[in-house]
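Engineer: Attaching a single structure in structure tokens format; questions to follow.
The values are calculated or read from the model by the stated rules, or taken from the named source; none is laboratory data. Since this is a predicted model, take the numbers as computed values, not measurements. Quick reminder, even Gly has a Cβ in these numbers, built from the backbone with ideal geometry, and neighbours come from all protein chains shown.
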Amino acid sequence: MVQLLIKGGEVIDPGNITGVMDIIVDDGKIADVLPSAGSDIEAAASQIIDASGKIVTPGLIDLHVHFREPGFEHKETIATGCQAAAAGGFTAVCPMPNTHPVNDCAMVTDFMLKKARETGAARILPVASISLGLKGDTLSNFKELKDAGAVAVSDDGMPVVNSALMRKALEYAGALDLIVISHSEDPDLVADGVMNECGLSVRMGLPGIPNAAESIMVMREIALAKLTGVPIHIAHVSTAESVQAIREAKARGVRVTAETAPHYVTLTHDAVNGYNTNAKMNPPLRSEKDRQAVVTGLKDGTIDFIATDHAPHSVSEKETAFEKAPNGIIGLETALPLGLKLVNDNTLTLPELIDRMSKIPARILNQKNGIESGKPADITIMDLNREYTVDPERFRSLSRNTPFANWRLKGKAVCTIVAGKIIYQDDENG
């Protein structure tokens, strides 16, 4: 008797396997992948998922989320964040360290991993802080944090302004094979800015943030990666200048990777018109020229993958004056269908999208991922034909701060499996 049979789905594992297959799962791992065949397999299975007409892929991985526990549980808990991830098709997510207390020691990392195990939902791969307390002046103990289970370090939400400290972080992380994730932002150029610097910001009477606030720091990180020979990963790329700098650095052989988020390929600064705080984020939504540059960068591989930057805030926090509202939107439960828009408009092929939401993040994180014998049975099943209207009240996340409410989308995750266990199954009504 085998644990689970996923029958008759179209398997797409970029670079490995495609075709209508049966997947046999036993003891939390993929035992075999066979051309879809017959009843003999069904008779041996204790549980069967009929995936006919569906797409079956390696589990989606989000390298950039904010789960607010510990410290800000009114926005999101590890449990609700993991459930939201599962509902979005994500089998693993990387929570950033800007909690309270900050994830800058083994005790906090241990706490987060314990809480995640209790949820029985998506896996978490914690990102610890570069500096103690995110203060940017003293490095955290990377060895202790890695031993506790951290997969990367970042001061996301706060730029590391001190270039000497960032150099030391790269050298220290490089010796431990830890990923360094940069929140690339010059705070002096940002100043009191709250949206993209453009004609709309002038008309709305809001202080703007120039593209250079991001791209200058991207260029610094590239210089430090070249200096140290250690890889750097650039978070939430939003500007044409950043895309071009990363493209040129890769051409020179600099070890740099980058991500963008669904909102930067879908929206522009026009979304904040009317002082819409659910479209306020950091970095801010940019111009149509920037959006197109980011899409091109994602297509040609300059930008390696898509990450959500899921950033929950309560309704009361967002329902305030635009200047005072916190930055960030939630993204776990809308990322896949927004990504599928790129497939539907022929910007990406479906295998390219799966690569950018599953295989490439796994490779960067050194995680086992794939539809093949012996790999963990972390699997996403999606229905490309499901059409639905985004209703934030149905989200598993505690928060509702999305600019995509009432959007009509096509395609979504309908089943998410971690270690052979179904952690999410669509109820056909959402």
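Engineer: Show the residue pairs meeting these rules: Cβ distance below 6 Å; 6+ apart or different chains; first residue within segment 202-225 and more than 13 Å from H183 (Cα to Cα); second residue of a type in the set (D, E) and outside any helix (DSSP H, G or I).
Structural biologist: Cβ pairs passing all conditions: P207/D192; G208/E197; I209/E197; P210/E197.
Engineer: Still on this structure: Being surrounded by 22 or more Cβ atoms within 10 Å (Cβ to Cβ) and more than 19 Å from T260 (Cβ to Cβ) narrows it down to one residue among M195, M166; which is it?
Structural biologist: Going through M195, M166 in turn, the sole match is M166.
Engineer: Right, next: Looking at segment 407-418, can you tell me whether even one residue there is closer than 18 Å to T277 by Cα, more than 18 Å from the chain's Cα centre (by Cα) and in a loop (DSSP other than H, G, I, E, B)?
Structural biologist: Yes: one or more hits.
Engineer: Answer yes or no: is there a residue in segment 89-106 that is assigned to a helix (DSSP H, G or I) and over 30 Å from D391 (Cβ atoms).
Structural biologist: Residues of segment 89-106 assigned to a helix (DSSP H, G or I): 106.
Add one more test, that the residue is over 30 Å from D391 (Cβ atoms), and what stays is 106.
Checked segment 89-106: at least one residue is assigned to a helix (DSSP H, G or I) and over 30 Å from D391 (Cβ atoms).
Engineer: Out of segment 383-400, which residues are closer than 16 Å to H66 by Cα and hydroxyl-bearing (S, T, Y)?
Structural biologist: Answer for segment 383-400, where residues must be closer than 16 Å to H66 by Cα and hydroxyl-bearing (S, T, Y): S397, S399.
Engineer: Could you please find all residues in segment 122-149 being among the aliphatic types (A, V, I, L, M) and in contact with a helix residue (DSSP H, G or I) (Cβ under 8 Å, 6 or more places away or on another chain)?
Structural biologist: A122, I124, A128, I130, L139, L145, A148
Engineer: Of everything in segment 212-256, what is polar (S, T, N, Q), farther than 22 Å from G328 by Cβ and in contact with a helix residue (DSSP H, G or I) (Cβ under 6 Å, 6 or more places away or on another chain)? Give them in sequence order.
Structural biologist: T228
Engineer: Could you check segment 118-141 and list, in sequence order, the residues that are over 20 Å from the mean Cα position of the chain (by Cα) and outside any loop (DSSP other than H, G, I, E, B)?
Structural biologist: E118, S131, L132, G133, L134, L139
Engineer: Checking the condition in contact with a strand residue (DSSP E or B) (Cβ under 8 Å, 6 or more places away or on another chain) and in the same structural domain as E197 (by TED's automatic domain parsing), which residue from T266, T296, T257 passes?
Structural biologist: Sole residue among the options that is in contact with a strand residue (DSSP E or B) (Cβ under 8 Å, 6 or more places away or on another chain) and in the same structural domain as E197 (by TED's automatic domain parsing): T257.
Engineer: A251 passes all but one of (1) crowded, with 23+ Cβ neighbours inside 10 Å; (2) more than 17 Å from the chain's Cα centre (by Cα); (3) of a type in the set (A, V, I, L, M, F, W, C); which number fails?
Structural biologist: All conditions are met except number (1).
Engineer: In segment 159-214, which helices (runs of 4 or more DSSP H) lie fully inside it and hold 3 or more residues that are aromatic (F, W, Y) and touching a strand residue (DSSP E or B) at 6+ places or on another chain (Cβ under 9 Å)?
Structural biologist: No helices (runs of 4 or more DSSP H) qualify here.
Engineer: What number of residues in segment 19-53 are surrounded by fewer than 21 Cβ atoms within 10 Å (Cβ to Cβ) and assigned to a loop (DSSP other than H, G, I, E, B)?
Structural biologist: Residues in segment 19-53 being surrounded by fewer than 21 Cβ atoms within 10 Å (Cβ to Cβ) and assigned to a loop (DSSP other than H, G, I, E, B): 10 in total.
Engineer: Next up: What is the residue count in segment 224-248 for residues that are assigned to a helix (DSSP H, G or I), among the hydrophobic types (A, V, I, L, M, F, W, C) and either surrounded by fewer than 19 Cβ atoms within 10 Å (Cβ to Cβ) or out of contact with any Pro (no Cβ under 8 Å at 6 or more places or on another chain) (or both)?
Structural biologist: 6
Engineer: Search segment 274-308 for residues being of a type in the set (V, I, T) and farther than 12 Å from S242 by Cβ, and hand back the single one that is surrounded by the fewest Cβ atoms within 10 Å (Cβ to Cβ).
Structural biologist: Among those that are of a type in the set (V, I, T) and farther than 12 Å from S242 by Cβ, it is T296.
A quick yes/no check of all residues on (1) of a type outside the set (S, T, Y); (2) on the phi < 0 side of the Ramachandran plot:
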| position | (1), (2) |
| --- | --- |
| D26 | yes, yes |
| D32 | yes, yes |
| S36 | no, yes |
| S46 | no, yes |
| G53 | yes, no |
